[in-house]
Amino acid sequence: MLVLVVDSSTPAVTAALVEVSAGGVTLRAQRCTVDARAHGELLAPQVDAVLADVDARPGDLAAIVAGLGPGPFTGLRVGLVTAATMGQVLGIPTYGVCSLDAIGHPAAAGEPVLAASDARRKEIYWAVYDGAGQRLAGPEVSAPAVAAEQARGLAVTVAVGDGAHRYADALGLPLRAEPRYPDPASLAALAAERVRAGAPGERLTPLYLRRPDAVAATARKPVLP
């Protein structure tokens, strides 16, 4: 089954095609551009590009997998709206995966790991995974020092992800180089059981973890002194 994978939860705008079979998940094509200000401009052309790479059409897709975040509001919604719209138009299921899972799960190598992405405002989105890649805590948003303290309480000895690299000094943990951003093959692998089973599509609910900066006014303000 040919599956489209999208993620826009970090500065890395990612689109990929994978083949999901009984034997596993095979990456067929991938586009990834790191640009925190161009999610809306980049994602749709990248979807077209990966389809062209394997000479496929949207109608050939069996499902869509999307990273749910956590991530900043503006960028994250680009991927989720794209996935939800395509799923509805094509009549195929959509499945969501926590984007941090696609950093922490592939990085796990027998020891607990902290996966982190940049949350701006000198904070990180983070989660902790055991040696088998199962999530133990999170996702949460906090200052790096707070995340590091909680992670050490879970015996974490290494960190991974762009947020970990950006705040390496504050975290005080050894770094694992890859993956720096959500890995599309891992996103697909974490949803593969649902894809193979033909499970009903899911509503793609974003993990914002913060309220948006812009909020509606709660009361009218006087225009005269």
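Can you compute 3J(HN,Hα) from phi for each residue in the range 9-24, using the Karplus curve 6.51 cos²θ - 1.76 cosθ + 1.60 with θ = phi - 60°, rounded to whole Hz and x for Gly and Pro?
Whole-Hz 3J(HN,Hα) from phi for the range 9-24: 7, 10, x, 7, 8, 10, 9, 8, 10, 10, 9, 9, 10, 5, x, x.
At a 10 angstrom cut-off on C-beta neighbours, averaged per residue, how do the peptides 47-53, 4-10, 33-39 rank from highest to lowest?
Taking the mean over residues of other Cβ atoms within 10 Å, the ranking is 4-10, 47-53, 33-39.
Nearest 20 debye, what's the magnitude of the dipole of the range 68-132 about its Cα centre given +1 on Lys and Arg Cβ and -1 on Asp and Glu Cβ?
340
Using the per-residue mean of other Cβ atoms lying within 10 Å as a proxy for protection, in what order, highest first, do the peptides 112-120, 55-63 fall?
Packing proxy ranking, top to bottom: 112-120, 55-63.
How much net charge surrounds G153 when only other residues with a Cβ under 14 Å from its Cβ are counted (Lys, Arg +1; Asp, Glu -1)?
Residues near G153 contribute -2 overall.
Return the percentage of antiparallel bridges among DSSP beta bridges fully within the chain, rounded to the nearest 5 %.
Counting DSSP beta bridges with both partners in the chain, the antiparallel share is about 65 percent.
Can you list, largest first and rounded to whole Å, the semi-axes you get for the chain by taking the square root of 5 times each eigenvalue of its Cα gyration tensor?
Semi-axes (√(5λ), whole Å): 29, 25, 15.
If I histogram all Cα-Cα distances within the range 1-96 using bins 10 Å wide from 0, what percent of pairs lands in each bin?
18, 53, 27, 2
Relative to the compact globular guide of 2.2 N^0.38 Å, what is the alpha carbon radius of gyration of the range 159-198, as a ratio?
1.60
If we count every other residue with Cβ under 14 angstrom of Y181's Cβ, Lys/Arg +1 and Asp/Glu -1, where does the sum land?
Charge balance in the 14 Å sphere: -3.
Please report the projected area of the range 106-148's Cα convex hull averaged over all directions, in nm².
2.7
Could you pull out every whole DSSP H run in the chain that spans at least 15 Å of Cα extent along its own axis and averages -1.0 or higher on the Kyte-Doolittle scale?
Both cut-offs are met by 39-53, 73-90, 184-197.
Cα-based Rg of the range 47-87 per 2.2 N^0.38 Å, rounded to two decimals?
1.30
Working from the pairwise distances between different alpha carbons, so that the mean of 1/r is found and then inverted, what is the range 73-184's Kirkwood radius in Å?
14.3
Going by Cα centres, the range 12-32 and the range 78-111 are how many Å apart?
If we compute the Cα centre of each part, the gap is 11 Å.
Within the set of other residues whose C-beta is less than 14 Å from the C-beta of L51, count the net charge using Lys and Arg as +1 and Asp and Glu as -1.
Taking every other residue near L51 into account, the sum is -2.
Write down the percent of antiparallel bridges among all DSSP beta bridges whose residues are both part of the range 4-109, to the nearest 5.
The antiparallel fraction comes to roughly 65 percent.
Which whole-number percentage describes the relative contact order of the range 37-86, with Cα contacts under 8 Å and a sequence gap of 6 or more?
Dividing the mean separation by the residue count of the range 37-86 yields 43 percent.
Just so you know, all these numbers are worked out from the coordinates, no wet-lab data involved. The structure presented is a predicted model; accordingly, all values stated were derived computationally and were not measured. In this analysis, Cβ positions are derived from the backbone assuming ideal geometry, glycine residues included, and neighbour counts consider all displayed protein chains.
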